[in-house]
Amino acid sequence: MAGKTESKRHVWNFFRSGGFDQVQLTSGSDLAALGELDAKLWAALACPSAGLEMDPRTLALLDTDGDGRIRVPEVVAAAAWAARLLKNPDELLTPQDSLPLAAIDDSTAEGAEVLASARQIVDGLGKADAAVVTIDDTVDTNRIFAQTRFNGDGIVPPAAASDEATRKVIEEAMACVGADTDRSGEPGLSQEKADLFFAEAKAYSDWWASAEADAGNVLPFGEATDNVVALYEAVRPKIDDWFTRERLAEYDARAAEALNPAVADYQALAARTLSPAAGELAALPLAAVSARSPLPLVEGVNPAWADAMARFRKEIVTPLLGARAALTEADWTQIVAHFAAHEKWHAAKHGAAVEPLGLARVREILAGDAQREVAALIARDRALEGAANAIVKVEKLVRFRRDLVCFLNNFVSFRDFYTGKAKAIFQAGTLYLDGRSCDLCIHVDDVAKHSALANRSRTYLAYCECTRRGSGETMSIVAAFTDGDPDNLMVGRNGVFYDRQGRDWDATIVRILEHPISMRQAFWDPYKRIGRMVSDQIEKMASAKVKALDDAAAAEVSGAATKAATGQAAAPAAAPFDVAKFAGIFAAIGLAIGAIGTAIASVLTGFMGLVWWQMPLAILGLLLLISGPSMVIAYMKLRSRTLAPILDANGWAVNTRATINIPFGASLTSLAELPPGAERCLRDPFEQRKTPWKTYLFLVALLAALGLLWHNGTLQKGWQDVRARLAPPPAATQPAPAKPETAPPGPPAAATPAPAKPEPAKAEAAKPKD
């Protein structure tokens, strides 16, 4: 049984790239079996559904839960669904914008439904004889549903009604509770909005019915109650204010003067042109405040409130209390009590959404059959939901025929990125800057947030702000520089970015993450640093010298001017030239030059003492000593460059390191090269001519050093050492004859002259030949 299960397991093919094994999707069965592939072997586990170089509609169809991210289960479901609806799933591996109707598998209920909807689409577009359905056929659902009253979305526009009365109710309902958008693009009414409208209408009618049941208290003025209540609410705050002031004055007579406007307030108004509608007057009390006095309604009323109080007296006071020229606090309390029931009823108001229609129209709608008619239209529309949703499935299937395999080759594996046959969906375009073109460019929403994580990629990254002139569009990208050198890359440099649609953008570097770019850069970097250090030191020394001279000159001029102004005696004459002092200085300089010359001579002596084949090795060793550490560090970092942090910082969940090694990195950045067969003229008529003073200065310094070395005897000693090393070994000397033990007696023998030392030439000739 176990062996049978093993035989049914899908067999996968993998290829090695980017430092990890990637699955190859070469057949429709691979797509149908994606659910069996261990998620640990996927290149990515999630990615954003926006900001990628793929049709946004296709990405939205993949993101089934609409949360803005596409995950493994959604990809597995999409691949299995598309493979299930096609007779030959291998057609998903040949992306096209169209799908043959004969390719849809109608042996299942879902497949038959999709095929029927596809035929409905082409029929509705006037292409009944068409054998294929294209993305353009499905992209405009408004055009597909424009000629039909019902489209299965449960939303009915006013035009769906067959009579004028129902059409008017739908329009009024949309005006009161809002509208939804129908698949045809027209505003319409859904069942939820219809239920809300009729519920609001009933609540509004019932609310008014409760008032009508107690009209004597709730509606004390009958049909004019609304206007009278509006007047009452307008004057009530000012009347309450006046009686409160009156009670306070009654509490303490001293308060009366302070509660009335001060003389200064009237003086401020006196210089202005006043009118009864002036705001400054309206802020004053209704009348002068005094203890135990009624509120005047005719005379002594604030001019700003005179008209309102006159209406209040006529429309409220007289009907309720009779004719009055003044109003006591008890009278006011009685008036307030008359409006208490209305205020309580108004606070419990219901159905405010339909109030603009008026009570009569609301009750007319409720008395008719409009609610049943609208519900019947919506139900009729929903009955076509299956067929209409199948039209969406047709669009989904056609889009997956074109885009699914591309997405899988950038999610399940990074095949498009590492094979170079097509750009990956996360590559936004190409940046041209500093004689290079960078293909690894990615959209960035937040530069600061992205760079914090992308720095771990150990890749030289340049963040650019891109702008399209004329349109005002802006965006941010990050470009990876993987070949060349960074000498001319700096914040503020400008380039041109071409997006995947071929549009050009002005690009400006705003941030740089520095990392090694190439081994060539690492080799020359130490020498460039030394050169920059020497140049900086020379500039500092020169600047310091110039500053010292400027300061000294300024001090001299300032001192002379001060002395001239104060009449002081002239400064004493300068001290005579001290020969001994400057002789010591020259001696010190000579010693320094001699030490340097000795060091140079020692190096040259050692170098000249090497055998000829050892000299290149010594030069190579010196270069490795200087450039070796930099190259080793750069090599380790270049081998560890990875794509994962760059994508992770953009919302991806990359499931592997996805390294960018040295050869692959070089393919992502192209350097400027002359085209094959191009002719090149090396003569530059404007070439800057080099002045020979540097050469002369070097020769003078060299001769001076050699003269000092000759004077010190260093050159002679070095030359003798070289000759001694190059001279052949001396000839073997004959042993001296043995001295006799005793000399015989007799007269002393005549002195024998010593043999003459053979000349070098003769001695050389006397040497035995090999």
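For the range 477-512, a residue qualifies if it is of a type outside the set (Val, Ile, Thr), crowded, with 18+ Cβ neighbours inside 10 Å and part of a strand (DSSP E or B), and the qualifying residues are Ala479, Ala480, Phe481, Gly495, Phe497, Asp499, Trp505, Ala507.
Wholly within the range 379-454, which helices (runs of 4 or more DSSP H) include no fewer than the required count, namely at least 3 residues that are basic (Lys, Arg) and open to solvent by 40 Å² or more (accessible area, probe 1.4 Å)? Talk me through it step by step, then tell me what you get.
Working: elements: 385-408, 415-419, 447-454.
Of the helices (runs of 4 or more DSSP H) lying wholly inside the range 379-454, those with at least 3 residues that are basic (Lys, Arg) and open to solvent by 40 Å² or more (accessible area, probe 1.4 Å) span 385-408.
Out of curiosity, is Pro261 of a type outside the set (Val, Ile, Thr) and within 17 Å of Ala234 (Cα to Cα)? If you could, list the steps in order and put the result at the bottom.
Details: of a type outside the set (Val, Ile, Thr): yes; within 17 Å of Ala234 (Cα to Cα): no.
Answer is no for this residue.
Residues that are open to solvent by less than 90 Å² (accessible area, probe 1.4 Å), closer than 23 Å to Lys528 by Cβ and modelled with pLDDT under 90 do occur in the range 653-662, at least one of them. Which of the residues belonging to the range 237-251 are within 17 Å of Leu284 (Cβ to Cβ) and not polar (S, T, N, Q)? Listed by number, the residues that qualify are Pro237, Lys238, Ile239, Asp240, Asp241, Trp242, Phe243, Arg245, Glu246, Leu248, Ala249.
Kindly evaluate Ala330 against the criterion of being open to solvent by 30 Å² or more (accessible area, probe 1.4 Å), within 21 Å of Ala201 (Cα to Cα), without any contact (Cβ under 8 Å) to a residue 40 or more places away in the chain and out of contact with any Pro (no Cβ under 9 Å at 6 or more places or on another chain). Working first, answer last.
Values: open to solvent by 30 Å² or more (accessible area, probe 1.4 Å): yes; within 21 Å of Ala201 (Cα to Cα): no; without any contact (Cβ under 8 Å) to a residue 40 or more places away in the chain: yes; out of contact with any Pro (no Cβ under 9 Å at 6 or more places or on another chain): yes.
Considered against the rule, which asks whether it is open to solvent by 30 Å² or more (accessible area, probe 1.4 Å), within 21 Å of Ala201 (Cα to Cα), without any contact (Cβ under 8 Å) to a residue 40 or more places away in the chain and out of contact with any Pro (no Cβ under 9 Å at 6 or more places or on another chain), Ala330 comes out as no.
Within the range 333-356, does at least one residue satisfy the condition of being farther than 25 Å from Asn227 by Cβ and either part of a helix (DSSP H, G or I) or open to solvent by 50 Å² or more (accessible area, probe 1.4 Å) (or both)?
So far as the range 333-356 goes, no, none of its residues is farther than 25 Å from Asn227 by Cβ and either part of a helix (DSSP H, G or I) or open to solvent by 50 Å² or more (accessible area, probe 1.4 Å) (or both).
Do we find a residue being within 30 Å of Arg361 (Cβ to Cβ) and either among the aromatic types (Phe, Trp, Tyr) or not in a helix (DSSP H, G or I) (or both) anywhere in the range 132-150?
Applying the first criterion (within 30 Å of Arg361 (Cβ to Cβ)) to the range 132-150 yields 149-150.
Filter once more, so that each one left must be either among the aromatic types (Phe, Trp, Tyr) or not in a helix (DSSP H, G or I) (or both): 149-150.
Yes, some residue in the range 132-150 is within 30 Å of Arg361 (Cβ to Cβ) and either among the aromatic types (Phe, Trp, Tyr) or not in a helix (DSSP H, G or I) (or both).
Give the residues of the range 195-217 that are hydrophobic (A, V, I, L, M, F, W, C) and open to solvent by 10 Å² or more (accessible area, probe 1.4 Å), sorted by residue number. Across the range 195-217, the qualifying residues are Leu196, Phe198, Ala199, Ala203, Trp207, Trp208, Ala209, Ala213, Ala215.
The values are calculated or read from the model by the stated rules, or taken from the named source; none is laboratory data. These numbers were taken from a predicted model, which means no experiment stands behind them. As a convention, Cβ positions derive from the backbone with ideal geometry for all residues, glycine included, and neighbour counts pool all protein chains shown. Side chains are part of the model used for accessible areas, which takes the heavy atoms of the whole protein and leaves out ligands, DNA and RNA. Shrake-Rupley method; radii C 1.70, N 1.55, O 1.52, S 1.80 Å.
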